[in-house]
Amino acid sequence: MPELPDVEGFRKTFESCAKGRTIRRVDVRDAGVLHEVSTRRLREALEGRRATKLERHGKWLLARTGGPTLMLHFGMTGQLVCGHPDDAAEAHDRVLFTVGDDRQLRYRDQRKLQGLWLADGDSDVSRLLDGQGPDAMAVARRDFEAALSSRRGKVKSVLTDQSVLAGLGNLLADEILWRARLHPTRRAGDLTEDDRRRLYTQMRRTLRSAVTAGCVPPRDSWLTGHRDDSAATCPRCGSTLHRFRIASRSTVWCPRCQPDES
DNA sequence: TTAGATGTTATTAA
DNA sequence: TTTAATAACATCTA
């Protein structure tokens with residue numbers, strides 16, 4: 001699930017649930033989600049502290065405390081939920097943060113593909129974010145266009161490459177390409193000036209509404225609303241959608257709206 | 001039973 | 001050097 005809009009939603013959840021409130025207790029129910037940090041050190045570092053600032057870069061969420069920084073990545077199935085300490089724990093609640101008097105923030109994740117890190121200082125934060133390209137929501141048009149034109153790979157692969165641009169995942173990339181009317185296997189470096197401009201504009205539009213929705217919404221008027229139906233037609237022109245695997249990811253596009261010009 | 005699922009990363013190959 | 005494909009990670013569902 002988690003792409004940039006989802007993680008932005010988790011950022012808001014963290015903020016409204018726990019920002020400024022003392023973390024009274026850290027309960028690690030499955031240490032399998034901890035990276036480079038032990039249960040003991042996580043508890044000692046965070047209990048008694050409070051998250052002062054919640055930041056997001058691409059699909060990473062950072063909780064600053066004034067001391068160490070808690071860094072979270074959600075993989076494919078992670079999420080953050082805010083509840084009450086008395087709520088029954090669900091099977092995939094891996095870490096519980098009891099905050100203030102009556103709230104509990106939970107890192108819930110079925111597959112445990114990513115998890116939690118604890119960065120000691122700014123250099124540690126930088127180390128973990130090293131290799132991440134500019135955030136897709138914050139990148140300037142010129143930087144976006146420059147990054148694309150220097151790449152020879154397929155535009156779909158380039159858009160989802162976190163070292164080029166941080167935040168876009170498989171669904172968003174397909175959605176943005178469909179809106180910009182670009183075939184996913186077009187070479188990024190071969191796009192025209194106009195193609196790149198359209199791509200940037202549609203990326204911003206798509207991100208804006210997805211962030212508002214808190215996810216990449218499976219709306220009927222979006223491509224995303226049809227990707228699970230193998231006989232689906234394009235919501236714009238009615239053509240039967242094509243699907244194929246690009247870089248071992250399922251890819252959906254409309255053959256009429258997104259002609260293959262390569 | 002097997003394939004595939006919105007994440008990243010290491011490895012291997014071209 | 002760059003790119004692409006594949007497996008691996010852990011777990012569930014169709």
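Could you point to the residue in A:Ser239, A:Val211, A:Gly9 farthest towards the positive end of chain A's charge dipole, with +1 and -1 charges on the Cβ of Lys/Arg and Asp/Glu respectively?
The one lying farthest along the dipole's positive direction is A:Ser239.
Treating chain A as a set of equal point scatterers at the Cα positions, no solvent, please give the Debye-formula log₁₀ I(q)/I(0) at q = 0.07, 0.08, 0.16 Å⁻¹.
Results for chain A at q = 0.07, 0.08, 0.16 Å⁻¹ read -0.28, -0.36, -1.13.
Could you give the spread of the C-alpha atoms of the stretch A:106-172 along their three principal axes, from largest to smallest, in whole angstroms?
On the principal axes, the stretch A:106-172 reaches 38, 30, 19 Å in Cα extent.
Any idea which of A:Leu54, A:Met76, A:Ala91 is furthest toward the positive side of the dipole for the stretch A:11-95, if Lys and Arg beta-carbons carry +1 and Asp and Glu beta-carbons -1?
A:Leu54
Just rank A:Lys154, A:Lys59, fewest to most, by other beta-carbon atoms within 10 angstrom.
Values: A:Lys154 19, A:Lys59 26.
The fewest-first ordering by Cβ neighbours comes to A:Lys154, A:Lys59.
Work out the length of the dipole vector of chain A about its Cα centre, built from +1 on the beta-carbon of each Lys and Arg and -1 on the beta-carbon of each Asp and Glu, and round it to the nearest 20 debye. Can you show the working numbers first?
On the way: 46 positive and 36 negative charges, 86 e Å.
Dipole magnitude for chain A comes out near 420 debye.
Can you sort A:Met203, A:Met71 so the residue with the fewest Cβ neighbours within 10 Å comes first?
On the way: A:Met203 26, A:Met71 23.
Arranged by neighbour count, lowest to highest, A:Met203, A:Met71 become A:Met71, A:Met203.
I need the phi-derived Karplus couplings for the stretch A:227-240: 6.51 cos²θ - 1.76 cosθ + 1.60, θ = phi - 60°, integer Hz, Gly and Pro marked x.
Computed from phi, the couplings for the stretch A:227-240 are 6, 8, 9, 5, 9, 5, 10, 5, x, 9, 10, x, 5, 5 Hz.
Eight or more residues apart or on different chains, and alpha-carbon atoms under 26 Å: count the Lys pairs in chain A matching that.
Going through chain A pair by pair, I get 11.
Indicate the gyration tensor shape class of the stretch A:190-246 (rounded, prolate or oblate), computed on the Cα atoms with a ≥ b ≥ c the square roots of the eigenvalues: a/c under 1.5 is rounded; otherwise a/b larger than b/c is prolate and the rest oblate. Intermediate values should be presented prior to the final figure.
Numbers: a/c = 2.10, a/b = 1.20, b/c = 1.75.
In terms of gyration-tensor shape, oblate.
Only Lys, Arg, Asp and Glu count, each charged at its Cβ (+1, +1, -1, -1), so figure out the dipole size of the stretch A:22-158 about its Cα centre, rounded to 20 debye.
Details: 25 positive and 20 negative charges, 109 e Å.
Value, rounded to 20: 520 debye.
Any idea what Rg and Dmax come out to for the stretch A:141-253 if you just take the C-alpha atoms, in Å?
13.3, 39
Separation of the stretch A:199-246 and the stretch A:1-79 by C-alpha centroid, Å?
Going from one Cα centre to the other spans 30 Å.
Ranking A:Glu3, A:Glu193 by Cβ neighbours within 10 Å, fewest first, what do you get?
Values: A:Glu3 24, A:Glu193 9.
Result, fewest neighbours first: A:Glu193, A:Glu3.
In whole Å and largest first, what semi-axes does the C-alpha gyration tensor of the stretch A:79-191 yield when each eigenvalue is scaled by 5 and square-rooted? Each step should come with its number before you reach the end.
Details: eigenvalues 267, 65, 28 Å².
Output for the stretch A:79-191: semi-axes of 37, 18, 12 Å.
Can you compute the modelled spin-label distance between A:Ser150 and A:Thr212, with each label point 7 Å from Cα toward Cβ, in nm?
3.4
In 5 Å bins starting at 0, how do the alpha-carbon pair distances of the stretch A:4-129 split up by percent?
With a bin width of 5 Å, the distribution comes to 2, 12, 24, 27, 24, 9, 1, 0.
Where a number appears in this text, it was derived from the coordinates with a stated rule and is not lab data. This is a predicted model, so every value here is computed, not measured. Note: ideal-geometry Cβ built from the backbone for every residue, glycine included; neighbour counts use all protein chains shown.
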